[in-house]
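J.: Here's a structure for you.
Just so it is clear, none of the values below were taken in a lab; they were calculated from the coordinates. Note that the structure is a prediction, hence the values are computed from the model and not measured. Note that we place each Cβ from the backbone using ideal geometry, even for glycine, and neighbour counts take in every protein chain shown.
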Amino acid sequence: MLDTVSLSRMQFALTAIFHMLWPVLTTGMAIYLVVVEGLWLKTRNPDYYYHARFWSKLYVLNFGIGVASGLPMEFQFGTNWAPFSEAVGDFFGSILGFEGAMAFMLEAGFLGIMLFGWGRVHPVIHYLATIMVAFGANLSTFWILVANSWLQTPAGGEMVNGKFIVSDYFQAILNPFMVRSVAHMFLATLETSLFVIGGISAWYILKNRNVAFFTRSLQIVLAAAIAVTPLQIFVGHLSAEQVYEYQPTKLAAMEAKWETSPAGQPADWSLLAIPDEKGERNKWELNVPQGLGYILEFKPKLSAPVLGLKEWPRENRPKMVGLIYYSFRIMSGIGFFFAALMGLSAVQWLRGKLVAGAIEQQKLLLLSWIFAAPLGYIAVESGWIVRCVGRQPWAMYNQIRTADAASVIPAETVLGSLLAFAGVYSLLFVMTLYFGSRIIQAGPNLEMALPQLDNAPSVKEEPAELLPDQRPAEANQ
Amino acid sequence: MNALLHFLPQVWFVILGLFLFLYIMLDGFDLGVGILSLTSSDEKRRSILMTSLGNVWDANETWLVVMAGALFGAFPLAYGTILSALYIPIFMMIFGLIFRAIAFEFREHSDRKTLWNLSFGVGSFLAALGQGFALGSVIEGISVDALGHFTGGMWDWLDWRSILVTLTLIQGYVLIGSTYLILKTEGELQETHFRTAKIAAVTTLVGAILITIVTPVFYVAARERLFSPPLLYVFSAIPLLGVGLVGLLLRSLGRREERTPFVWTILIFLLTFLGLGLIVFPYIIPTEITIYQAAASPSALVFMIIFVGFLIPIMLFYNIYQYVVFRGKVKVVEHD
């Protein structure tokens, strides 16, 4: 029988891993919707309007499930991690409160207008609502990353009698990890949704459905990817440097590094390995000579030692080294794959191959885009595994042990809720895939009447006619 | 400084009360409509019920998230203790809210609506059940040690008094849901909810009277405070006012007025809520831990007032704006 702490951890991991799937798409996609709706208002080209309408169908499906699956995240801090909540509530709790009041409410308050407001409010007010939804979603990324970064690199106060007393709230917000982590996650949501939109567009083009229409969305996401993919690799690298500086145990686990590499010497970088935790060594490894020095400092020899896991007693270092090691490699690998795919596509675009009429011939390229569609999710999940499993055995790095953070409740009770979550979330996952694929199969509706742009009233005078079985948005088809 | 130590937790008690009231009122009618949908006779009616909430349920539910976040920041001890003590009802509520939310999303794309209608109704009912038990046990008190840590069992929340509170809360949700539907529908459907509102008004009143009698009998700490002036006057005024409001509500229902029943119901909710607030105050974990013991440090409370406080009017503004945009009836259209 597993103990309460492990079960609570499993429950948090399970709900977080599932929950992540939905907002990671919607926060990025919201920005895409802002872009296409803005292009429509500016150019009056109906294609952009239909893009806004088509992609927002996928958006709302994912948004709703994101809301549903996100509820337990906040409540679990109280139910399963009561001592932790008590110890860090002053700052951590406040930040979650800000997230709710500033970000969630903004998103939820304008979502109704964004989804159902077409034809009810003036297009400019509608556009404003879309912007608010996107802004709310990304603000929520910001606060969540502030809170999580603070657990990684606590700042702005100190532990006094088991409670974190904050002396400087702004220092706590601006904790060492914050800026780079927010940037890394912001780019991750954007990158994931770019490649989902790109992958789906590529699928339509391959199927020869609405080729011109989806070539346009592919071009939009490709244009964004030209900036985002290399930038993400750079920001990822900056984040890893911070791990080296602030969380040496995590870095050692990411690299499956058991022995310390002293300063002034070259150090190998491990490309692949089979870590053996019991034996405190790698059973097999494939190394790049002098690689670590080049990655960390861009020179062959280290100027400071890189510590190996053996430097810490077992109880002070993360377990599941293999998981952390491979998650890191999967994440980085996907980042480089995205950049390569972007590079290839950009070249073909420059050669004039990515226009309706020629793009259908690019079968391999389009297939690669379809293949890339789910990779962003895998990269994000892997990254968070590195971030949070690698932080162990600490709930708050070097301050609060995870084992001391869990509520004292019977293991059977936690097991019960854990099993219920496993069942319900698997259902959510399958149903989202099923209904999402139905939306994609149905394709865009290019017959819809366009909303009146000139002389439209700011809010319609007559009462709303909400039709059952139809979002009012669809009523004016 | 001492005054501040006293004053800040009180401010947060009021702010939390406001958030909780907004949640119970707004998501209350969502959940009430959901529970009513279980008794609805046909598919078309159920569709209208769900459509009437389509654009608002998400924002309404978010008040719960805001409230929980604020509780976490302002009273961290209470957040941990209450939520872990109420582990089972809290997850009951969460699963209920999940079922309700997915019903809205999946139903629209599904060919077989029945399953998702059921998910909407059962989810709403389950959420109301969890909330009722949670509310009931908080009023009754949670067993804690001197430090405020939970010492009771996982099933402490279940007894006849919390069942009474739960039943009453469900009646209240049905009442506010019915009056909301009177506002949003017309014809036969509206007529149905004039009837359900009338029944629910009576059952809610009965429940509320029972709770009013039971609470001072079993809740010794509250008895002394409630039965000494000046609270005595307030505590005796609330039931009288309540009965008066229910009378006004029944009269407006009898006259087939469309808007006033919803207004009277909100006032009944507000009054009940004030009564409960008086019973609980100054405790945040009844019957042991006061808001002063459980509060975060004064600096944290100020920090939160700066960031959350100024947002309250803004949040209220755009939520009201949304109701203005979507005012009016849900129309029935025949699809053949």
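J.: Work out the charge dipole of the stretch B:2-325 with +1 on the Cβ of Lys and Arg and -1 on the Cβ of Asp and Glu about the Cα centre, then indicate which of B:139, B:287, B:264 is farthest towards its positive end.
T.: Sorting the options by dipole projection puts first B:264.
J.: By how many degrees, between 0 and 90 and to the nearest 10, does the Cα long axis of helix A:321-350 differ from the longest principal axis of chain A?
T.: On a 0 to 90 degree scale, this one is about 40.
J.: Right, something else. Let me spell out the model: positive unit charges on the Cβ of Lys and Arg, negative unit charges on the Cβ of Asp and Glu, origin at the Cα centre of the stretch A:276-404. What dipole size does that give, in debye rounded to 20?
T.: That gives the stretch A:276-404 a dipole magnitude of about 160 debye.
J.: In Å, what is the Rg of the alpha-carbon atoms in chain A, and how long is Dmax?
T.: According to the Cα coordinates of chain A, Rg and Dmax are 24.2, 77 Å.
J.: Using the crude model of +1 on Lys and Arg Cβ and -1 on Asp and Glu Cβ, and no other charge, please compute the dipole size for the stretch B:2-325 relative to its Cα centre, in debye to 20.
T.: Values: 17 positive and 20 negative charges, 128 e Å.
About 620 debye.
J.: Please compute the contact order of the stretch A:97-147 in relative form: average sequence separation of alpha-carbon pairs under 8 Å and at least six residues apart, divided by the residue count, as a percent.
T.: Working: 45 pairs, mean separation 26.8, N = 51.
Result for the stretch A:97-147 is 53 percent.
J.: Given the C-alpha atoms of the protein assembly as shown, compute the convex hull and give its volume per residue in Å³. Don't skip to the answer; put the middle values down first.
T.: Details: hull volume 136.5 nm³, N = 813.
Spelled out: Cα convex hull of the protein assembly as shown, divided by residues, is 168 Å³.
J.: Can you give the FRET efficiency to the nearest 0.05 for residue A:287 and residue A:320, using r as the Cβ-Cβ distance and R₀ = 22 Å?
T.: It comes to 0.50.
J.: While we're on this one: Under 16 Å from a point placed 7 Å out from the Cα of residue B:220 along the Cα-to-Cβ direction: which residues of the stretch B:280-311 have their backbone N that close?
T.: In the stretch B:280-311, the label zone of residue B:220 (backbone N under 16 Å from the point 7 Å along Cα→Cβ) covers B:287-289.
J.: Moving on. Summing -39500 (n - 2.57) over the DSSP H runs of n ≥ 4 in chain B and dividing by its residue number, what mean residue ellipticity at 222 nm do you reach, to the nearest 500 deg cm²/dmol?
T.: Helix contribution divided over all residues of chain B: -26500 deg cm²/dmol.
J.: Tell me the angle of helix A:178-206 to the major Cα principal axis of chain A, expressed in degrees between 0 and 90 and rounded to the nearest ten.
T.: It works out to around 50 degrees.
J.: Additional query: If you take the C-alpha gyration tensor of chain B, multiply each eigenvalue by 5 and take the square root, what semi-axes do you get, largest first, in whole Å? Can you show the working numbers first?
T.: Numbers: eigenvalues 231, 102, 78 Å².
In descending order the semi-axes read 34, 23, 20 Å.
J.: Given just the C-alpha atoms of the stretch A:1-43, how large is their convex hull per residue in cubic angstrom?
T.: Convex hull of Cα atoms, per residue: 39 Å³.
J.: What does the average come to when, for each residue of peptide B:25-31, you count the partner chain Cβ atoms lying within 10 Å of its Cβ? Intermediate results must be reported in sequence, preceding the final value.
T.: On the way: counts 0, 0, 0, 0, 0, 0, 0.
Taking the mean over all residues of the peptide, I get 0.
J.: Please work out how much length the chain gains when fully extended from residue A:161 to residue A:336, using 0.36 nm per residue of separation minus the C-alpha to C-alpha distance, in nm with one decimal.
T.: Roughly 58.4 nm would be gained on extension.
J.: If I take every Cα pair under 8 Å that is 6 or more residues apart in the stretch A:49-201, average their sequence separation and divide by the length, what percent do I get for the relative contact order?
T.: 20 percent
J.: Can you list the aspartates and glutamates whose alpha carbon is less than 20 Å from that of residue A:57, not counting same-chain residues fewer than 8 positions off?
T.: Straight-distance partners of residue A:57: A:37, A:47, A:107, A:191, A:447, A:469, A:474, B:58, B:105, B:108, B:111.
J.: Could I have the simple spin-label model distance between residue B:151 and residue B:11, label points 7 Å from Cα toward Cβ, reported in nm to one decimal?
T.: 3.5 nm
J.: Something else now. If you stretched the chain out fully between residue A:280 and residue A:350, how much longer would it get, using 0.36 nm times the residue separation minus the C-alpha to C-alpha distance?
T.: 20.1 nm
J.: If you don't mind, another one. Could you state the angle between the C-alpha long axis of helix A:411-442 and the longest principal axis of the C-alpha atoms of chain A, as a value from 0 to 90 degrees rounded to the nearest 10?
T.: Once rounded, one gets 40 degrees.
J.: Here's another thing I want to ask about it. Please work out the FRET efficiency for the pair residue B:39 and residue A:434, using the Cβ-Cβ distance as r and a Förster radius of 25 Å; give the result to the nearest 0.05.
T.: 0.25
J.: Span-like helices, chain B: DSSP H, alpha-carbon axial extent 27 Å or more, mean Kyte-Doolittle 1.0 or greater, which ones?
T.: B:2-39, B:87-109, B:160-184, B:231-254, B:260-280
J.: I would also like to ask the following. Give me the inter-chain shielding for B:304-311: mean count of other chain Cβ atoms within 10 Å, whole number please.
T.: Per residue, the average neighbour count from other chains is 4.
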